[in-house]
Each structure stands twice: as C-alpha cells, then as structure tokens.
Amino acid sequence: MLDKEQVNMLQSFAKQIRIKTIHQMKVRGFGHIGGAMSIVDVLSVLYGKQLKYDPKNPAMEDRDWIVCSKGHAGPAIYAALALKGFFPMEWLDTLNQPGTNLPSHCDRKKTPGIDVTTGSLGQGLSVACGIALGKKQNHEENTIYCFIGDGESQEGQNWEAIMFAAQQKLDNLILFLDDNKMQLDDMTAAIENMESYSEKFKSFHWDVQEIDGHDYEAIDAAIDKAKSEKGKPSVIVLHTIKGKGCKFAEEMWNHHVSVSEEQANEAIAILEK
Ligand SMILES: Cc1ncc(C[n+]2csc(CCOP(=O)(O)OP(=O)(O)O)c2C)c(N)n1
Ligand SMILES: [Mg+2]
C-alpha cells in the first residue's frame, strides 16, 4: 500500500517525466507522443519505487530489466532515466538527431539504462522470455518487465512467446499490456478486436490483472501481487489513455505527430501549474 506522501511523490515524478518527454519532441519537432504518454504513470511507479537499478552502474548484475517492446515510447523512458541521473539532462535536447544517444526507438548500444533494442513490434516479449529463462536457470533474482502495445498484440510472435512463458513457468516475467485502445491509424478494436485480453491470457495459464494504468496505488499493488506469484508469468492489462496528460495530444489523433513550440509550451505550462 502506498501512503499519501508516496502517491504525491509518484505523481510529481510522472509530471516531470511528461514535461521532459514533451520537451524532447518539441526540440525535434515531432514524435510518438501518444504511446509515450500512456505508459508514464507505470514508469513513475517503476523508476520511482519498484525497480532495482543503479544509475551509476546501469549494467549492475542484480538490476531489474525493462524490455519496452513498443520501442517508439522510448522518449518517456529517456525522460525517466535522465531524471534519475543515468545521463546528463542535456541529452534530452538531442532526441532522434544525427549522432544522438537517444534515438526515436530504444537502442541498447546507445543509451545507458536501455537494456534491449526494440522498435520492430512483436519481438520484445520473446526477448524478455529469453532473459527471464536465463535468469531463472542461473538462479538470479532479477524481475524482467516488458511493455507491449494493444495494437502490437496482434503480432503472432507474441502468442508464441505467451505460450512459451507459461510452459517455462517464467514467474520472474511481468508483462504490461498498454491497452490504450488505439494503434497507428485506427482504433485497435476496429482493426483486430481482441475482446478480452484477460480471458485470453487466463486460457494461456498466465496470472492476470486488469487495472487503471494511471492509478498509482493500483499499479503499485498489481506489481507487488505479480512479483509474489509463483509458477506462472504475470500480465497486467493497463487501461490507459493514449496521450494522457499532454493537452494537445489528448485533443487529436496522436500516434506520431508534429509538435510545435506553442503546443508544447502550453502543455508543459499546464503540467507545471
Ligand atoms: C513490425 C512493425 N510493424 C509496424 C511498425 C510501425 N508501427 C509503429 S507503432 C505502430 C502502432 C502500434 O500500436 P500500439 O501497439 O497500440 O502502440 P501504442 O498505441 O502504444 O503507440 C506501428 C504499426 C513497427 N514499428 N513494427
Ligand atoms: Mg495502442
């Protein structure tokens, strides 16, 4: 259970992550604002409380891992990493520019704190399964977290990985399914209606929770419960709003958009109030 002080701390950390994410896209002039904003509150609980990491030693052996399979949400993770001191804040002025350490999609060779290169949707969960299996075989205690999008869940490779994780009893694997109801150019249900993720995952023998992905207490409690689950992988289906907390993004189709200085400044000013 989080106390009031912890909720306030996570809320203000999430605000900072949102501000720094909008800032990066303002400098570049465009970006995947929608899918970055929808996972910010979970990132706040992870980097603000749940995750084991050391910004001075990103490769620390007993760290927890994040595989952000929806690699286009990288800028939200970069914001959290910069705020936690993994690299200088000035790097956030270089998003997706030639020579940058912060490419538009996550790249393990470029960014301290990014463990897995992603962006080709459908592949990250398989990688996360491999990491989780390796850690189990070595009797290591790390937790492996993975994010996939709801549109991304249509990729068949996910479902092979979902079967594999259950068969291998990967109870060190926690999957966040970001159910923001939208994919690149339409509503997810209009393209491939998944109806109930929970029922599907239950039938694949996963531990399943479904929560409001913007509720800090629910996120924290769900992670605690998932960590305590033995013999099964866990999925936390996040009901989220694509573009959450960024004014101009919430008001438009927001998958990958131009970001003007005026729009960004207004959205940041609202968050700073
Ligand atoms: C294999 C592959 N196909 C297509 C794309 C292009 N693409 C990038 S994001 C995206 C939409 C993903 O939708 P969703 O998983 O719902 O992500 P979110 O809403 O969280 O942004 C697509 C099709 C890609 N990156 N990889
Ligand atoms: Mg989506």
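Things to note:
- Region 1-157: radius of gyration over Cα atoms, expressed as a fraction of 2.2 N^0.38 Å: 1.01
- Near SER38, the amide H atoms lying under 5 Å from its own belong to GLY243, LYS244; only residues 5 or more places off or on other chains count, and H is placed 1.01 Å from N.
- Across all directions, the average flat footprint of the convex hull enclosing the Cα atoms of the chain is 13.4 nm².
- Translational diffusion of region 51-122, µm² s⁻¹ [Kirkwood Rh, Cα pairs; Stokes-Einstein; 4 °C; 1.567 mPa s]: 106 µm²/s
- Net charge of the neighbourhood of ALA221, taken over other residues with C-beta under 12 Å away and scored Lys/Arg +1, Asp/Glu -1, is -2.
- Degrees between helix 261-272 axis and first principal axis of the chain (Cα, 0 to 90, nearest 10): 60 degrees
- Cα centroid separation, region 9-55 to region 212-273 (Å): 8 Å
- Members of LYS110/LYS227; LYS26/LYS244; LYS26/LYS247 lying beyond 22 Å, as alpha-carbon distances in this model show: LYS110/LYS227
- Per-q log10 I(q)/I(0), region 116-273, q = 0.11 Å⁻¹ (Debye; single scatterer per alpha-carbon; no solvent): -0.49
- Electrostatic dipole magnitude of the chain [Cβ: Lys, Arg +1; Asp, Glu -1; Cα centre; debye, to 20]: 640 debye
- Cα point-scatterer Debye curve for region 87-189, base-10 log of I(q)/I(0) at q = 0.21, 0.22 Å⁻¹: -1.11, -1.15
Where a number appears in this text, it was derived from the coordinates with a stated rule and is not lab data. Nothing here was measured: the structure is a model prediction, and the numbers come from that model. All Cβ positions, glycine included, derive from the backbone under ideal geometry; neighbour counts span all protein chains shown.
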